[in-house]
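Participant: Just passing along the structure, written as structure tokens.
The values are calculated or read from the model by the stated rules, or taken from the named source; none is laboratory data. Quick caveat: nothing in here was measured; it's all calculated off a predicted structure. No Cβ is skipped: glycine too gets one built from the backbone with ideal geometry, and neighbour counts run over all protein chains shown. For the accessible areas, the whole protein counts, side chains as well, though only heavy atoms, and no ligand, DNA or RNA atoms are used. Shrake-Rupley method; radii C 1.70, N 1.55, O 1.52, S 1.80 Å.
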There are 4 protein chains.
Amino acid sequence: MPTPPPSAGPAGRSRTGRARSEQARQDILAAALELARRDLGTTTVDSIAHRAGVGKQTIYRWWPSKWAIILEALLEHAERDITAGTDSGPLAERLATFLASTFAQLAGPDSDGPLLRALMAHAQQNPAFAVAWRDLLILPRRRALLELMSEGRNEDREAAVDLLFGGMWYRLLVEHGPLDHAYAHRLATAAAALLKA
Amino acid sequence: MPTPPPSAGPAGRSRTGRARSEQARQDILAAALELARRDLGTTTVDSIAHRAGVGKQTIYRWWPSKWAIILEALLEHAERDITAGTDSGPLAERLATFLASTFAQLAGPDSDGPLLRALMAHAQQNPAFAVAWRDLLILPRRRALLELMSEGRNEDREAAVDLLFGGMWYRLLVEHGPLDHAYAHRLATAAAALLKA
Amino acid sequence: MPTPPPSAGPAGRSRTGRARSEQARQDILAAALELARRDLGTTTVDSIAHRAGVGKQTIYRWWPSKWAIILEALLEHAERDITAGTDSGPLAERLATFLASTFAQLAGPDSDGPLLRALMAHAQQNPAFAVAWRDLLILPRRRALLELMSEGRNEDREAAVDLLFGGMWYRLLVEHGPLDHAYAHRLATAAAALLKA
Amino acid sequence: MPTPPPSAGPAGRSRTGRARSEQARQDILAAALELARRDLGTTTVDSIAHRAGVGKQTIYRWWPSKWAIILEALLEHAERDITAGTDSGPLAERLATFLASTFAQLAGPDSDGPLLRALMAHAQQNPAFAVAWRDLLILPRRRALLELMSEGRNEDREAAVDLLFGGMWYRLLVEHGPLDHAYAHRLATAAAALLKA
DNA sequence: CCCTAATCGAGACGGTACGTCATGTCTTACA
DNA sequence: TGTAAGACATGACGTACCGTCTCGATTAGGG
């Protein structure tokens with residue numbers, strides 16, 4: 001759903017007409033992220049357009065909804081943050097480290113936790129957005145975690161990833177327990193056991 | 001958040017005036033459930049009121065939003081469905097059975113999966129509803145699962161429940177893999193390993 | 001197109017539900033008239049709703065456009081202004097008096113001339129409004145003028161009215177000459193001649 | 001407001017650069033006229049540009065609005081149609097003939113009546129266009145009619161023209177009666193009487 | 001025969017108003 | 001007092017059109 005940066009590329013469909021404004025794109029992404037982080041509830045397409053100094057139509061020309069903007073902004077500003085795992089140490093420990101560092105990004109007061117929760121929620125109501133959400137955010141992060149696992153059959157490794165991210169999302173969404181180190185270790189232990197079974 | 005059936009007992013706050021119509025309550029719950037199952041996107045408070053042959057105010061007098069109605073309807077029609085676990089057999093097997101039977105309720109084409117996803121999504125946006133959602137649906141099911149586990153320390157058992165339900169919700173929400181028997185077994189195996197660690 | 005005051009009457013289709021708010025109706029009419037008189041160009045449905053302290057939907061529930069509001073407001077505030085003609089004196093003089101007094105209502109700086117021009121213009125683009133415009137404003141005024149004429153065949157009298165009002169509207173719309181006493185007398189003379197021919 | 005054909009003569013402000021495309025000008029005028037005659041309501045600058053195979057800027061470089069285009073197209077295609085009056089016969093008859101032939105151009109189903117009504121309407125809302133409208137269409141036709149009148153004082157002749165054209169526009173704009181021969185004769189009779197008074 | 005400059009088709013841009021939708025509250029008359 | 005009906009204030013939505021701007025490509029004289 002989010003559009004790629006207007007690098008046009010070889011698939012660019014036409015070369016005539018005014019080019020898409022990269023300035024406007026960046027302004028929109030920045031405005032959306034700032035407003036959404038401050039107060040998602042009052043963030044509207046209008047408010048984003050106004051703060052970005054942009055016409056509403058310019059937003060709707062490139063994004064189908066404010067959620068797509070926020071997703072794209074999140075990806076752009078945080079793409080580098082996918083934690084690189086360490087190669088050394090026992091499996092359970094490596095998983096626990098990865099998980100704990102991911103937890104840390106969700107827990108802080110100014111973290112993106114609320115945004116991710118809201119996007120996950122929106123994906124439940126909008127199938128088109130769900131595809132973008134899964135393909136651009138969920139699956140890449142799954143792949144990063146999968147690469148940490150050398151052992152086990154494929155389906156076990158998939159289940160291990162589900163177990164780890166599932167445990168994370170569940171506490172993030174239900175808020176009945178903390179996303180702390182101890183939890184990370186327990187999940188990692190269980191995942192490692194699954195892979196060795 | 002959902003109100004109890006009107007036979008509220010001696011705590012009923014008023015004794016005068018026209019009594020709450022149980023008929024209307026049932027009509028509203030039934031209408032909400034039917035509309036929501038057919039097409040959640042077009043289900044509005046107005047549409048529920050119209051189909052139930054009821055004034056909108058009658059709805060707002062007793063429920064704060066359509067989501068509370070759906071939650072109450074779901075609880076009322078499905079309360080009995082919380083799977084009773086078997087007491088015999090090895091732990092992993094008992095967990096797998098519980099999980100698989102829960103999966104079965106979510107997978108079918110006319111199942112409540114979509115509704116539960118939508119309610120989980122709404123809970124992310126509405127703190128008041130989140131409380132009801134957690135207290136009336138999430139936590140009771142956690143307790144049912146907890147009771148299946150005899151071994152392990154408390155925190156490990158909590159984590160095991162998170163792992164199991166987390167794995168379930170994750171696949172339910174992201175739809176990247178099936179909620180099938182094999183998955184149930186893998187999650188159960190991991191949970192059992194965690195409890196024995 | 002404009003709705004009658006909510007006197008319901010015997011044709012009222014139902015008696016249930018909240019009654020239409022006469023207060024809101026009056027507020028909307030007053031707001032529309034004031035804004036339109038000050039600056040028609042910046043008068044929008046939103047601005048009327050805001051100034052009247054009313055929701056936009058309340059406007060669209062009862063009027064199809066701001067033009068219908070203005071027309072209704074004009075009729076309500078000016079209905080009494082249809083000049084009653086004198087019965088005495090020669091025909092040409094009576095017509096000239098009527099015309100001159102009508103001119104006077106259109107010429108002043110705070111007159112309704114600009115509004116009437118705008119409504120006449122809008123009627124050219126909107127057939128539904130054109131019907132209301134003709135039936136509620138144009139034709140009643142024609143009838144008032146017709147009643148001043150005792151002599152002549154019917155078709156001559158119609159043509160005489162067209163001549164008088166046509167001459168008036170033409171100068172109002174094209175602004176190539178003044179709507180003054182001299183012009184009123186010339187038109188009245190011609191009309192009287194037509195009736196006696 | 002409409003621009004003259006591009007052979008601007010020695011007053012052209014520049015001598016270098018690409019010349020204005022007469023082809024584009026003709027395409028625009030033709031496209032505007034065709035679209036406007038078919039359905040004025042959906043005729044936008046974009047639609048004209050698209051149908052003419054022209055960029056929007058090419059339109060705005062030479063015309064201030066779609067209305068100016070339509071006016072220019074109308075003048076170009078119909079300039080020759082200003083009825084030449086006959087010099088012989090009694091005044092009332094000459095006027096009636098002129099008027100009837102003008103009526104004929106407005107009455108047909110594919111006539112320019114709707115366009116003229118729309119332009120008159122637009123002139124009420126746009127002072128700049130009103131000037132072009134009056135100077136290029138209204139006043140020339142007034143002059144043509146004035147020249148038919150030999151008798152009478154100047155102000156009477158002006159009023160007679162107003163009476164004739166006013167009667168015409170009034171029926172055109174309000175559509176409460178036909179623009180037929182009988183009406184033309186009545187107006188002509190009244191105008192002649194005015195001139196002889 | 002190139003240089004300079006205005007025009008061309010195309011289409012993205014900032015902006016304004018529109019008319020619709022859903023929410024949650026309120027006011028009726030009736031039971 | 002509860003109820004069905006339905007009007008109300010609010011506020012976001014997504015669309016339409018406006019008139020301006022910026023592309024690269026053309027197309028003229030003037031040097």
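Participant: Cβ contacts < 7 Å: first residue in the same structural domain as residue C:30 (by the TED database), restricted to the stretch C:42-57; second residue loosely packed, with under 12 Cβ neighbours inside 10 Å and outside any loop (DSSP other than H, G, I, E, B), any location; separation 6+ or different chain. Result?
Facilitator: Close Cβ pairs satisfying both conditions: C:56/C:46.
Participant: Still on this model: Going through the stretch D:113-126 one residue at a time, which ones are outside any helix (DSSP H, G or I) and either buried (at least 20 other Cβ atoms within 10 Å of the Cβ) or touching a strand residue (DSSP E or B) at 6+ places or on another chain (Cβ under 9 Å) (or both)?
Facilitator: Pass one, the stretch D:113-126, residues outside any helix (DSSP H, G or I): D:124-126.
Of everything in the stretch D:113-126, just one residue is outside any helix (DSSP H, G or I) and either buried (at least 20 other Cβ atoms within 10 Å of the Cβ) or touching a strand residue (DSSP E or B) at 6+ places or on another chain (Cβ under 9 Å) (or both), namely D:124.
Participant: Filter the stretch C:35-49 down to residues that are open to solvent by less than 20 Å² (accessible area, probe 1.4 Å) and away from DNA strand F (no atom under 15 Å from the Cβ), then give me how many there are.
Facilitator: 2
Participant: Scan the stretch C:50-74 for residues that are away from DNA strand F (no atom under 13 Å from the Cβ) and among the basic types (Lys, Arg) and jot them down.
Facilitator: C:66
Participant: If you go through the stretch C:129-156 one residue at a time, how many are open to solvent by 60 Å² or more (accessible area, probe 1.4 Å) and of a type outside the set (D, E, K, R)?
Facilitator: So the first thing to find is which residues in the stretch C:129-156 are open to solvent by 60 Å² or more (accessible area, probe 1.4 Å), and the list is C:131, C:135-136, C:141, C:143, C:147, C:150-151, C:153-155.
Subsequent filtering for residues that are of a type outside the set (D, E, K, R) retains C:131, C:136, C:150, C:154.
Number satisfying all stated conditions: 4.
Participant: Hey, another quick one. Among what's in the stretch A:157-197 and is charged (D, E, K, R) and part of a helix (DSSP H, G or I), pick the residue that is most open to solvent (accessible area, probe 1.4 Å).
Facilitator: Only one residue tops the list, namely A:196.
Participant: What number of residues within the stretch A:109-138 satisfy the criterion of being more than 14 Å from every other protein chain (Cβ to nearest Cβ) and more than 16 Å from the chain's Cα centre (by Cα)?
Facilitator: Residues flagged as more than 14 Å from every other protein chain (Cβ to nearest Cβ) and more than 16 Å from the chain's Cα centre (by Cα) within the stretch A:109-138 amount to 1.
Participant: Now, a different point. Taking the stated definitions as given, is residue A:16 within 14 Å of chain B (Cβ to nearest Cβ), within 9 Å of DNA strand F (Cβ to nearest atom) and over 22 Å from residue A:78 (Cβ atoms)? Don't jump to the end; show me each part of the working.
Facilitator: Details: within 14 Å of chain B (Cβ to nearest Cβ): no; within 9 Å of DNA strand F (Cβ to nearest atom): yes; over 22 Å from residue A:78 (Cβ atoms): yes.
For residue A:16, the condition - within 14 Å of chain B (Cβ to nearest Cβ), within 9 Å of DNA strand F (Cβ to nearest atom) and over 22 Å from residue A:78 (Cβ atoms) - is not met.
Participant: Might you let me know whether the stretch A:25-32 holds any residue that is open to solvent by 90 Å² or more (accessible area, probe 1.4 Å) and within 13 Å of DNA strand E (Cβ to nearest atom)? First the steps, then the outcome.
Facilitator: At the first step, the residues of the stretch A:25-32 found to be open to solvent by 90 Å² or more (accessible area, probe 1.4 Å) are none.
No.
Participant: For the stretch C:156-197, enumerate the residues that are within 7 Å of chain D (Cβ to nearest Cβ) and not hydrophobic (A, V, I, L, M, F, W, C).
Facilitator: Within the stretch C:156-197, C:156, C:158, C:162, C:166, C:167, C:170, C:171, C:176, C:177, C:183, C:186, C:189 qualify.
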